[in-house]
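The values are calculated or read from the model by the stated rules, or taken from the named source; none is laboratory data. Every value quoted in this text rests on a predicted model; they were computed, and no experiment measured them. All Cβ positions, even for glycine, are placed from backbone atoms using ideal geometry, and neighbour counts span all protein chains on display. Ligands, DNA and RNA are excluded from the accessible area calculation, which covers all protein heavy atoms including side chains. Shrake-Rupley method; radii C 1.70, N 1.55, O 1.52, S 1.80 Å.
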Amino acid sequence: AQSVAQPEDQVNVAEGNPLTVKCTYSVSGNPYLFWYVQYPNRGLQFLLKYITGDNLVKGSYGFEAEFNKSQTSFHLKKPSALVSDSALYFCAVRVPITGGGNKLTFGTGTQLKVEL
Amino acid sequence: ETGVTQSPTHLIKTRGQQVTLRCSSQSGHNTVSWYQQALGQGPQFIFQYYREEENGRGNFPPRFSGLQFPNYSSELNVNALELDDSALYLCASSFGTAQGKSSYEQYFGPGTRLTVT
């Protein structure tokens, strides 16, 4: 089964410091990977995706992610964290479904807390 | 460009009742997916609709059903509600083709919070 794992339930970082939110994947074939962010009582907002090409993917709000095939990882990064980045972050993989479509399979989420 | 909208925002139902949740897809999108997000968990895929046909289904019982309309809006219906159905229900839209090609990312609405008592 195609899946992603987020090994950390929570990540704490001081404002201004770099942040990393980890994600590993288990996929047969080429992985299509995504990061989404969820603020309290809100839906998911798309941050970035990896389909093919450069291993460093740039996304919204200054976030980027590094695809590493040998380590089967897709870690989310930001050079300088803001308090407003505090939210729940989900890694996801696109999985084919019967009928020709695709679904997203999500990790369990990582709560990011950025403190002053 | 209008985003994905969902209604209602919140809903409280009693066990055994039926509920209908609604979703309007983003303009230009023809595919709608529904997800259930229980408290403290990641979203779980319920099913997907493409051009008014169910395109695939996750591990949910038949009392979860859906519809897609010609304008690509969609409904999620849940019959015989159970306490475990309490969750945030998310709708996501994307663009798909008959050849199975689709836009890679899905765009999510704000969700409907369903509480079953």
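Of A:Thr20, A:Thr105, A:Thr52, the residue with the greatest mean-square motion in the GNM of chain A, using alpha carbon springs below 10 Å, is A:Thr52. Once B binds A, the 1.4 Å probe can no longer reach about 1800 Å² of accessible area, counting both sides.
Here is the size of chain B from its Cα atoms: Rg then Dmax, 13.5, 43 Å. Over chain A, with every protein chain in place, what whole percent of the accessible area is carbon and sulfur at 1.4 Å, could you tell me? After summing per-atom areas, the C and S share lands at 48 percent.
For chain A, the relative contact order is 36 percent, taking Cα pairs closer than 8 Å that sit 6 or more residues apart in sequence and dividing their mean separation by the residue count.
Electrostatic tally near A:Thr108: other residues with Cβ closer than 15 Å to its Cβ, Lys and Arg +1, Asp and Glu -1, net -1.
The protection proxy used here, the mean number of other Cβ atoms lying within 10 Å of each residue, ranks peptides B:9-15, B:36-42, A:29-35 as follows, highest first: A:29-35, B:36-42, B:9-15. Under a model in which nothing but the beta-carbon of Lys, Arg (+1) and Asp, Glu (-1) is charged, chain A shows a dipole of about 340 debye around its Cα centre. Place a point 7 Å from Cα of B:Thr115 in the direction of its Cβ. Which residues in the range B:59-93 have their backbone N less than 19 Å from it? Within reach of a label on B:Thr115, which here means backbone N under 19 Å from a point 7 Å along Cα→Cβ, the range B:59-93 contributes B:81-90.
Distance from the C-alpha centroid of the range B:1-69 to that of the range A:50-98: 25 Å, rounded to the whole angstrom.
When +1 charges are put on Lys and Arg Cβ atoms and -1 charges on Asp and Glu Cβ atoms, the dipole computed for the protein assembly as shown relative to its Cα centre reaches about 200 debye. With a simple spin-label model that places each label point 7 Å from the Cα along the Cα-to-Cβ direction, the separation between B:Glu53 and A:Ser60 comes to 3.2 nm. The residues of chain B expose on average 48 square angstrom of accessible surface per residue, using a 1.4 Å probe on protein heavy atoms. A straight Cα-to-Cα reach below 27 Å connects A:Lys113 with the lysines A:Lys22, A:Lys49, A:Lys58, A:Lys77, A:Lys78, residues fewer than 8 places away in its own chain not being considered. Shown for the range B:1-109: the carbon plus sulfur share of the solvent-accessible area, taken with all protein chains present and a 1.4 angstrom probe, equals 48%. Converting phi to 3J(HN,Hα) with the Karplus coefficients 6.51, -1.76 and 1.60 and the offset θ = phi - 60°, the range B:84-93 yields 5, 7, 4, 5, 8, 9, 10, 10, 9, 10 Hz in sequence order, with x at every glycine or proline.
Contact-buried residues of the range B:28-58, at a threshold of 50 Å² lost accessible area versus the chain by itself: B:Pro43, B:Phe45, B:Asn55 (1.4 Å probe; DNA, RNA and ligands ignored).
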